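The values are calculated or read from the model by the stated rules, or taken from the named source; none is laboratory data. Remember, predicted model here, so these are calculated numbers, not experimental data. For neighbour counting, all protein chains shown are included, and Cβ atoms are generated from backbone atoms with ideal geometry for every residue, glycine included.
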Amino acid sequence: MLEDMTILVGTDGTGQSMAAVEWAAAEARRRDTGLRIVYAFDWDWRGYPDFVDMAHSLAEAVTTAAEDLARTTAPGLPVTSATTIGHAVPQLLDAARDAELLVVGNRGRGGFAGLMLGSVSHRMATHAPCPVVVVRGRETPDGPVIAGVDDSPAAGEVLDAAFDAAARRGGGLIVLRSGGAGPDDVLTPWRTKYPEVRVETVRTTTAAAEALVSGSHNAELVIVGSRGHGTIAGTLLGSVGLQLLHHADCPVQIVRDHLSRS
């Protein structure tokens, strides 16, 4: 057990955030690490002092339900939880400083995720100090891991994450390369490190976002970088990553490159 490494998941009790809890628990079991659940509710209690205890009780009920789901999903998994008052964005960003991975649903309500992607999910994908997974799409996604790479410096970190994810799942990996990307022999170090991973390289001349969204219908996880250039990542997750967060049919992992973490 890697006790110093923890997966962090945000919840607000909605179905989509509980799906994120379930996904995070399964991922923590695959990585042999712990899970921390955070519920941040943005409520101005100053005008309603008599309801403070009630609000805390309701919040504790949310985290308790999330803990129960996590332990059912991954029996024996070390699970901790925290309930905080305040907007979810700063609360999660602060908690993510010590996390190996942050997991959120793509929608939510109230103080956690707002009503549409673009509040917490978007902010986490673009600003969190660690890799982020946004759980969305099919209820039980199955298939290979898909990695979107170009010739940017972030490609190596995307490949690191993608080969590792495929190896832990015991499935295949599809590396989707944009039209201008370099030769396929750049995969050699990862093929050597992960000989058990069945990897297929697909070069696309169509828009990378379109190809990755299409591939997500038959994938378990899509992984892209948070930065890049050319047709794959745009800048600040403005193109491919953002379109995946809106339209992918499976969870999307945003890998933080060294520049974005600095």
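What to note about this one:
So that you can scan it fast, the table gives a plain yes or no per residue for (1) in a loop (DSSP other than H, G, I, E, B); (2) crowded, with 17+ Cβ neighbours inside 10 Å:
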{"site": "T140", "(1), (2)": "yes, no"}
{"site": "P153", "(1), (2)": "yes, no"}
{"site": "E157", "(1), (2)": "no, yes"}
{"site": "A162", "(1), (2)": "no, yes"}
{"site": "R177", "(1), (2)": "no, yes"}
{"site": "D185", "(1), (2)": "no, no"}
{"site": "W190", "(1), (2)": "no, yes"}
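- Residue-level analysis places R136 among those that are at pLDDT below 95 and of a type in the set (D, E, K, R).
- Failed item, numbered, when F41 is tested on (1) surrounded by 16 or more Cβ atoms within 10 Å (Cβ to Cβ); (2) within 20 Å of V133 (Cα to Cα); (3) modelled with pLDDT under 95: (2)
- Any hit, segment 95-117, residues being exposed (fewer than 15 other Cβ atoms within 10 Å of the Cβ) and at pLDDT 80 or above: yes
- Filtering segment 146-164 to residues that are out of contact with any strand residue (DSSP E or B) (no Cβ under 7 Å at 6 or more places or on another chain) and within 23 Å of N218 (Cα to Cα) leaves D160, D164.
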